[in-house]
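Report on the structure given below.
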Ligand code: A2P
């Protein structure tokens, strides 16, 4: 069987590694060393952050250290995202992110959620800016050389279909929650038919935040059976499944052993039959919105 490919080529020729490091939990200063090691010891070249994670400075310091160690900037694929309150001016938002990241440009800049809001007295309220205006701001990031590529996150078919009708620069990806309990196959198939890469966040099912064992895909008996069959961990089975069905996966970990475990999930291949076996455990379970009450959804209940 052919090996899994390590990169996808974007329309501008950039190569995006298909396995990246999610960093939403990496918020303490000691993570600098962890992310540095993820790059130089494990081999991660794709790092996913966001202004909302409040860790761009940490990532910036880790990158600086990696560059000093001899890693070439061109090898790295750095992704950050504009939060909903920044969508009135993506160029200004990205400039702030770049300063924290200590970079001249990012490889990919995303709209984090398709809602334009502002904060008034600590509360989120609607900011009446249409998405086509936001996208013009995202395109300006490319035109000004601040972002090599742009994309979206948490967009549904309807919004993205609309965006494709007016965009001048197409989004290269849609980052959404994907794992075998939430395969979103019709949306994924459509994205792929449009040449928009599905990027899977929470490809392991945000294990620590899901209380009910039945909802933890890492504990699913098919996943465990396949882990035994292939001599791999359940996490590696889930990531390999994602890669096999064409997702770009960005598992989060702040633990060095699991970072390595996750990175080597691309070193084997599930058979076609076993990939299909995992497709069948789908429960349409959207952990992030349906189970985890985020601080944001408490402030803006219409979101959930
Ligand atoms: P830790 O940072 O201690 O490794 P997701 O990417 O689905 O949001 O998952 C993130 C959660 O999954 C984190 O709590 C992380 O904890 C944990 N995790 C990361 N990799 C693995 C793995 N290979 N097996 C089990 N849990 C993992």
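From the list 65, 37, the lone residue that is in contact with a helix residue (DSSP H, G or I) (Cβ under 9 Å, 6 or more places away or on another chain), within 16 Å of the ligand (Cβ to nearest atom) and at negative phi is 37.
Hey, can you tell me all the residues within the range 94-150 that are buried (at least 21 other Cβ atoms within 10 Å of the Cβ) and in a strand (DSSP E or B)? The answer is 106, 108, 109, 110, 111, 117, 147, 150.
Please specify each residue of the range 221-237 satisfying the condition of being more than 14 Å from residue 4 (Cβ to Cβ) and surrounded by 23 or more Cβ atoms within 10 Å (Cβ to Cβ). Correct list: 223, 226.
Being buried (at least 18 other Cβ atoms within 10 Å of the Cβ) and more than 30 Å from residue 285 (Cα to Cα): is that true of residue 178 here?
Working: buried (at least 18 other Cβ atoms within 10 Å of the Cβ): yes; more than 30 Å from residue 285 (Cα to Cα): no.
It is false that residue 178 is buried (at least 18 other Cβ atoms within 10 Å of the Cβ) and more than 30 Å from residue 285 (Cα to Cα).
For the range 1-23, filtering for residues that are in a loop (DSSP other than H, G, I, E, B) and more than 15 Å from residue 101 (Cα to Cα) leaves 13.
Would you call residue 43 free of Cβ contacts under 8 Å to residues at least 12 places away in the same chain and away from the ligand (no atom under 14 Å from the Cβ)? When the stated conditions are applied, residue 43 does not pass them. Taking the range 53-77, which residues are assigned to a loop (DSSP other than H, G, I, E, B), over 13 Å from residue 26 (Cβ atoms) and in contact (Cβ under 8 Å) with a residue 12 or more places away in the chain? Of everything in the range 53-77, those that are assigned to a loop (DSSP other than H, G, I, E, B), over 13 Å from residue 26 (Cβ atoms) and in contact (Cβ under 8 Å) with a residue 12 or more places away in the chain turn out to be 69, 71, 76. For the range 212-263, the set of residues classified as part of a loop (DSSP other than H, G, I, E, B), modelled with pLDDT under 95 and away from the ligand (no atom under 13 Å from the Cβ) consists of 212 only.
When 32, 27, 80 are checked against the criterion of being buried (at least 16 other Cβ atoms within 10 Å of the Cβ), outside any helix (DSSP H, G or I) and without any contact (Cβ under 8 Å) to a residue 60 or more places away in the chain, 80 stands alone in meeting it. Take residue 216 and decide whether it is over 18 Å from the mean Cα position of the chain (by Cα) and without any contact (Cβ under 8 Å) to a residue 40 or more places away in the chain. So residue 216 passes the test.
Of all residues in the range 151-208, count the ones that are in a loop (DSSP other than H, G, I, E, B), on the phi < 0 side of the Ramachandran plot and more than 16 Å from the ligand (Cβ to nearest atom).
10
The values are calculated or read from the model by the stated rules, or taken from the named source; none is laboratory data. Just so you know, these numbers come straight off a predicted model, no measurement behind them. Cβ sites come from the backbone with ideal geometry, for glycine too, and all protein chains shown count toward neighbours.
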